[in-house]
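J.: Once you've had a glance at the structure underneath, I'll fire off some questions.
The values are calculated or read from the model by the stated rules, or taken from the named source; none is laboratory data. Model, not experiment: these values are computed from the prediction. Ideal geometry is used to build each Cβ from the backbone, glycine not excepted, and the neighbour counts take in all protein chains shown. For accessibility, only protein heavy atoms count, side chains too; no ligands or nucleic acids. Shrake-Rupley method; radii C 1.70, N 1.55, O 1.52, S 1.80 Å.
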Amino acid sequence: MSTAVLAELLTTAQRYAPEYRGGLSTHLPMALGALQALGADDDRLRQAFDRFAAPLGLAPRTGQVVADWTDHRGRPGAYADLLETFRRQIDAEGAGTVLRRVLPLLMPGVGAAAFHGLIRSAYGVAAQHDGETAAGLAYWACRWLPLEAPSQGVETDPGAWVSAMADALAGTAFEGGLIFERMRAVGRTEAFARHAGRLIIDAGTLQALADLAAQRYAASRNFTVDTTVPTVTITD
């Protein structure tokens with residue numbers, strides 16, 4: 001197992017577009033990072049690269065540095081420019097400095113591509129690969145998806161909060177589309193605006209939500225846990 005081979009493959013992966021087949025997110029860099037962490041040898045990493053790269057198309061073009069990257073949030077066609085912008089910034093300032101500056105501006109749109117922008121960025125940081133970190137940030141920015149609701153802060157139990165949201169959405173159908181498109185559609189409903197801001201956020205909230213997600217997944221064996229809203233079928 002070699003971190004050098006992982007770095008080599010992540011660099012090669014930069015030639016591919018972040019999406020394929022009409023909006024599916026590539027899992028190539030994340031699969032490589034996960035396999036390396038699990039102890040896969042170099043041959044296994046190269047085999048995985050070939051498998052996950054097979055359906056991908058090449059990135060469309062070399063981008064141009066933009067003056068204000070925040071103006072391009074939520075614009076899928078800006079990926080190449082955002083990638084070049086973040087590459088240059090990381091080269092000049094280091095990944096840590098850039099992350100501290102841009103993450104607060106990206107977090108309101110953390111739902112980007114069903115969280116794949118965040119996930120890809122995290123894997124880039126874990127691999128200490130500046131190019132992959134830049135690619136994750138660029139993907140997050142170009143698919144930036146803010147899901148906002150007024151903060152009310154009245155519910156302390158994440159389970160009760162999720163159940164109330166499910167009850168409010170009962171009978172509502174969201175047809176077609178990818179996961180992030182369903183998320184966007186839900187975010188535009190009156191039920192979301194009424195319930196999403198009711199959860200009180202404190203130091204234990206993130207762990208409580210992680211535990212709840214794990215429990216719901218274990219019960220449903222569906223990574224979208226669509227059983228929380230019985231009338232809505234979510235597929236990717």
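J.: Between residue 43 and residue 160, what length in nm is gained on full extension when 0.36 nm per residue of separation is reduced by their alpha carbon distance?
T.: 37.4 nm
J.: When the chain is modelled as a GNM with alpha-carbon springs shorter than 10 Å, which of 223, 174, 86 fluctuates the most?
T.: Of the options given, 223 has the highest mean-square fluctuation.
J.: Pull out a ≥ b ≥ c, the square roots of the eigenvalues of the alpha-carbon gyration tensor of the stretch 1-79, then state rounded if a/c is under 1.5, prolate if not and a/b is larger than b/c, and oblate in the remaining case.
T.: Here the stretch 1-79 falls in the prolate category.
J.: Round to the nearest 0.05 the FRET efficiency obtained for residue 62 and residue 3 when R0 = 41 Å and r is the Cβ-Cβ distance.
T.: According to the calculation, E is roughly 0.90.
J.: Got a sec to turn the phi values of the stretch 31-44 into Karplus ³J(HN,Hα) couplings, 6.51 cos²θ - 1.76 cosθ + 1.60 with θ = phi - 60°, whole Hz, x for Gly and Pro?
T.: 4, 4, x, 5, 5, 4, 5, 7, x, 4, 7, 4, 4, 5
J.: Counting only protein heavy atoms and a 1.4 Å probe, tell me what percentage of the stretch 149-189's accessible area is made up of carbon and sulfur.
T.: Looking at the stretch 149-189 in its full context, I get 51 percent from C and S.
J.: How would the stretch 105-176 be classified by its alpha-carbon gyration tensor: rounded, prolate or oblate, with rounded meaning a/c under 1.5 and the a/b versus b/c comparison settling the rest?
T.: It comes out prolate by the Cα gyration axes.
J.: Okay, moving on. With the cut-off at 1.5 for a/c, could you classify the chain from its C-alpha gyration tensor as rounded, prolate or oblate?
T.: Here the chain falls in the prolate category.
J.: Let me ask you something else. When the solvent-accessible surface of protein heavy atoms is calculated with a 1.4 angstrom probe, in what order do 194, 15 fall, highest first?
T.: 15, 194
J.: Taking only protein heavy atoms into account and a 1.4 Å probe, give the accessible area per residue of the chain in Å².
T.: 52
J.: Given the rule -39500 (n - 2.57) for each run of at least 4 DSSP H residues, summed and divided by the residues of the chain, what is its mean residue ellipticity at 222 nm, to the nearest 500 deg cm²/dmol?
T.: The per-residue figure over the chain is -16500 deg cm²/dmol.
J.: Taking the highest mean first, how do the peptides 137-143, 204-210 order by number of other beta carbon atoms within 10 angstrom per residue?
T.: Sorting 137-143, 204-210 by mean packing, highest first, produces 137-143, 204-210.
J.: Stretch residue 222-residue 53 to full length: gain in nm at 0.36 nm per residue minus the Cα-Cα span?
T.: 58.3 nm
J.: By per-residue mean of other Cβ atoms within 10 Å, what is the highest-first order of 211-222, 105-116, 35-46?
T.: Highest mean packing first, the order is 105-116, 35-46, 211-222.
J.: Right, another one. Round to the nearest 0.05 the FRET efficiency obtained for residue 11 and residue 181 when R0 = 30 Å and r is the Cβ-Cβ distance.
T.: Computed FRET efficiency for residue 11 and residue 181: 0.45.
J.: Ok, one more. Residues with amide H under 5 Å of residue 19's amide H, sequence separation 5 or more or different chain, H placed in the peptide plane at 1.01 Å from N; which?
T.: Excluding prolines and chain starts, which carry no amide H, the hits are 26.
J.: Give me the percent relative contact order of the chain, please, defined on Cα pairs under 8 angstrom at least 6 residues apart.
T.: 17
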